[in-house]
C-alpha cells in the first residue's frame, strides 16, 4: 500500500532561486503565500499537542549539554514552523518542521529504536499512551494534505507562468 501525501514538481527549487535574483519582492510574496497555505495544517498540528504526555517529561533532561526536556505545550506549539528553503541539501523546498526538541522527540521516539533499556521503556510507555511514531505531525498533516498540496501546486503553477512570461519578454 502506498500513500501519496505530496506533490513533486521538478524545477521549483531552481525557479525560486532564480526568482530571488530576478525579483526578491515576488519571492517574498511566494514565501508568504506558502506559509498562508500551510497555516490550516500547522494550526491543526499545534492543536494536537496535549498539556502533558508522561509524568517524567515535566522534568529537565539535558543530553550532551543540550536541554531536551521538560515538555511544554506552549513551546511545542510555538515550535511548529513552515520553512521555504532552496538549499542544496534540502529535499523539500516547502516543509513543516518542529523546532522544539521535546515535541520532536515525543513525535518520533521509537521510529528507529533505542540504545538502552531506559530508552526502550520510554518508547514503550510513550507508545502505550500516545501511539506509534509519528504521533502528531505526520498524521495531522495527512488529514490536511490534499487541500494544502492542491493550493501549493496552484501557487507554483502561477509562479512558473510568471517566470516564463518574464523570460520570454
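We did not get these values from a lab; they are worked out from the coordinates using the rules stated. Since the structure is predicted, the reported quantities are computational estimates derived from the model, not experimental observations. Note that each Cβ is placed from the backbone with ideal geometry, even for glycine, and that neighbours are counted across all protein chains shown.
What to note about this one:
- Zero-based 10 Å bins, Cα pair distances in the chain, whole percents: 9, 32, 28, 19, 9, 2, 0
- If the chain linking residue 118 and residue 14 were pulled fully straight, counting 0.36 nm for each residue of separation and taking away their Cα-Cα distance, it would gain 32.9 nm.
- For a label point 7 Å along the Cα-to-beta-carbon line of residue 128, residues of region 85-122 with backbone N under 11 Å: 121-122
- Separation of alpha-carbon centers, region 106-124 and region 8-59, rounded to whole Å: 28
- Helix 12-22 and the longest principal axis of the C-alpha atoms of the chain enclose an angle of approximately 60°.
- Estimated FRET transfer efficiency (residue 147, residue 78; beta-carbon r; R0 25 Å; 0.05): 0.55
- Between residue 51 and residue 99, full extension at 0.36 nm per residue minus the direct alpha carbon distance yields a gain of 15.5 nm.
- In this simple spin-label model, placing a label point 7 Å from the Cα along the Cα-to-Cβ direction at both residue 60 and residue 162 gives a separation of 4.7 nm.
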